[in-house]
Every structure is written in structure tokens, then in C-alpha cells.
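Reading through the C-alpha cells given below for one structure.
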Amino acid sequence: CVIVNNTAQIDGGISTDTRFCGPLVVGCTIIGNQSASGAGGVGGDDETVVESCIVRGNSSPQVSMSVAPYSNIEGGLATDPTVIDADPLFVDAASGDYRLTALSPCIDAGDATRYSTSSVEPFDFDSLPRLVDDLPTPDTGLTLVGLAVDIGAHEFQDPPRPACPADQNFDGELT
């Protein structure tokens, strides 16, 4: 999901209610949202799971929970050592292009193990596969069978991978 430039009285980007269940927000880009009170990006308590998301440029605080595994949150999150605070290096954020450039610190930095269940969409915002390891980029997140996932809504895929079902690790070789 891409959630951009919203305004609300409470919790600008996403507001969660955890009375009945703990919401799961995975692989999203949440940018430029404003809130009169609460979190500008994602509001909720620690029952809300925000994972592998980019949350930046929102009114402060960016998030109201104490953990957001393998996410890129402006200002960081002192209670979660897996959170990074770095410019995601979007292709052209000013024009609304939130895809990652080849030098983005978000590449291969998410939690791929979340994608081993059917509860998380295996495709990115552009309907491209999520589990794609960018071989030149070190895997700084959690991998799944040698495959990595990026932080945010768009999976970096450059050059485009061949659609060969037998190439399980997308390295262009069959072994």
C-alpha cells in the first residue's frame, strides 16, 4: 500500500483499533500525512504490527507503537534495533514515484519470513513478486530460503528478472 498526503484529526496515515485484533501493516510506504493529534504515519498501540514499511515525512510522531520490525522510520525507534532511519532514496518522491533507486538502504532490508504465510500479499504495489533478492545488495533483513524482501511498497527489480519458474532464486542460473 502507498498512503500519501492525508490529513486527519487523529492519526494521519493509518489509525488502528486493536480492541478486537492486532492489525498487520506490512510492506507499505506511508509519506507526508498530517495529524492534529496522535501519530502522523501510523497510530495504534503495540498490538498493531508495522513491518517492512517506510514511514517518513509525516507529522510527529511518525508511529505510536514501540516496535516496527525491519522498517525505515524517520527519527528511528529507540525501542526497536531493526528499524533504520535513512533516506529511502526514492526515484522521484516529488512526483509521487516512491519506487526505490539502486542505492536505497531499503533494498533487501525487510522481513521476508512474513511472506511464508498466506496472510501477506506476495506481490508489491506494481504487482511484481515480493521475494526477489537483489544480488549486488547485502541482505540486511531476514531472508526466506535465500530470498530477501525490500522495505516499502515497491520491490526493487533491476534488471527485470526472467519469468522462469525453475529459477527459484532468480539468479539467472538453473542448478
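Run Ile107 past the list (1) of a type in the set (Val, Ile, Thr); (2) open to solvent by less than 30 Å² (accessible area, probe 1.4 Å); (3) part of a strand (DSSP E or B) and report the number of the one that doesn't hold.
(3)
Say we look at the stretch 63-76 and pick out the residues that are surrounded by 17 or more Cβ atoms within 10 Å (Cβ to Cβ) and modelled with pLDDT of 90 or more; which of these is farthest from Asp139 (Cα to Cα)?
By that ranking, first place goes to Val63.
Would you check which residues across the stretch 110-139 are of a type outside the set (D, E, K, R), touching a residue at least 40 places away in the same chain (Cβ under 8 Å) and either out of contact with any His (no Cβ under 9 Å at 6 or more places or on another chain) or open to solvent by less than 70 Å² (accessible area, probe 1.4 Å) (or both) and list them?
Across the stretch 110-139, the qualifying residues are Gly110, Ser119, Val120.
Checking the structure you have, find out if any residue of the stretch 14-26 is within 21 Å of Glu155 (Cβ to Cβ) and in a loop (DSSP other than H, G, I, E, B).
So in the stretch 14-26, the residues within 21 Å of Glu155 (Cβ to Cβ) come out as 14, 24-26.
Okay, now just the ones that are also in a loop (DSSP other than H, G, I, E, B), so none.
Within the stretch 14-26, none of the residues are within 21 Å of Glu155 (Cβ to Cβ) and in a loop (DSSP other than H, G, I, E, B).
What residue, among those in the stretch 77-104 that are among the aliphatic types (A, V, I, L, M) and open to solvent by less than 40 Å² (accessible area, probe 1.4 Å), is nearest to Glu51 (Cα to Cα)? Even if it seems obvious, please write down each step before you answer.
First pass over the stretch 77-104, keeping only residues among the aliphatic types (A, V, I, L, M): 77-78, 83-84, 86, 89, 91, 93-94, 100, 102-103.
Those still in the list that are open to solvent by less than 40 Å² (accessible area, probe 1.4 Å) too: 77, 83, 86, 100.
Values: Leu77: 13, Val83: 9, Ala86: 16, Leu100: 17 Å.
Here the residue is Val83.
Of the numbered conditions (1) buried (at least 17 other Cβ atoms within 10 Å of the Cβ); (2) of a type in the set (D, E, K, R); (3) farther than 16 Å from Val49 by Cα, Asp158 satisfies every one except a single condition; which is it?
If we test Asp158 against (1) buried (at least 17 other Cβ atoms within 10 Å of the Cβ); (2) of a type in the set (D, E, K, R); (3) farther than 16 Å from Val49 by Cα, just (1) comes out false.
Could you grab me the full set of residues in the stretch 133-155 that are in contact with a Lys or Arg (Cβ under 6 Å, 6 or more places away or on another chain) and not charged (D, E, K, R)? Show your work before the answer.
So the first thing to find is which residues in the stretch 133-155 are in contact with a Lys or Arg (Cβ under 6 Å, 6 or more places away or on another chain), and the list is 149, 154-155.
Val149, His154, listed by residue number.
Per-residue answers, yes or no, for (1) closer than 24 Å to Phe123 by Cβ; (2) hydroxyl-bearing (Ser, Thr, Tyr); (3) touching a helix residue (DSSP H, G or I) at 6+ places or on another chain (Cβ under 6 Å):
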site	(1), (2), (3)
Thr7	no, yes, no
Gly38	no, no, no
Asp46	no, no, no
Val55	yes, no, no
Ser66	no, yes, no
Asp80	no, no, no
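Tally time: how many residues in the stretch 92-104 are assigned to a strand (DSSP E or B) and of a type in the set (A, V, I, L, M, F, W, C)? Show your work before the answer.
Step one: filter the stretch 92-104 for residues assigned to a strand (DSSP E or B), giving 92, 97-100.
Still in the list and also of a type in the set (A, V, I, L, M, F, W, C): 100.
Number satisfying all stated conditions: 1.
Determine, yes or no, whether Pro88 is out of contact with any helix residue (DSSP H, G or I) (no Cβ under 9 Å at 6 or more places or on another chain), in a loop (DSSP other than H, G, I, E, B) and farther than 21 Å from Gln62 by Cβ. Working first, answer last.
Details: out of contact with any helix residue (DSSP H, G or I) (no Cβ under 9 Å at 6 or more places or on another chain): yes; in a loop (DSSP other than H, G, I, E, B): yes; farther than 21 Å from Gln62 by Cβ: no.
No; evaluated as a whole, the condition is false for this residue.
Could you figure out which of (1) of a type outside the set (Ser, Thr, Tyr); (2) modelled with pLDDT of 90 or more; (3) open to solvent by less than 20 Å² (accessible area, probe 1.4 Å); (4) over 28 Å from Thr143 (Cα atoms) isn't true of Asn6?
In the conditions (1) of a type outside the set (Ser, Thr, Tyr); (2) modelled with pLDDT of 90 or more; (3) open to solvent by less than 20 Å² (accessible area, probe 1.4 Å); (4) over 28 Å from Thr143 (Cα atoms), Asn6 misses (3) alone.
Out of the stretch 18-56, which residues are open to solvent by 60 Å² or more (accessible area, probe 1.4 Å) and out of contact with any Gly (no Cβ under 8 Å at 6 or more places or on another chain)? Please lay out each step first, then the result.
To start, the set of residues in the stretch 18-56 that are open to solvent by 60 Å² or more (accessible area, probe 1.4 Å) comprises 19-21, 24, 34, 36, 45-47.
Passing the criteria: Arg19, Phe20, Cys21, Leu24, Ala36, Asp45, Asp46.
The values are calculated or read from the model by the stated rules, or taken from the named source; none is laboratory data. Since the structure is predicted, the reported quantities are computational estimates derived from the model, not experimental observations. Note that we place each Cβ from the backbone using ideal geometry, even for glycine, and neighbour counts take in every protein chain shown. Surface areas here come from the heavy atoms of the whole protein model, side chains and all, with no ligands, DNA or RNA. Shrake-Rupley method; radii C 1.70, N 1.55, O 1.52, S 1.80 Å.
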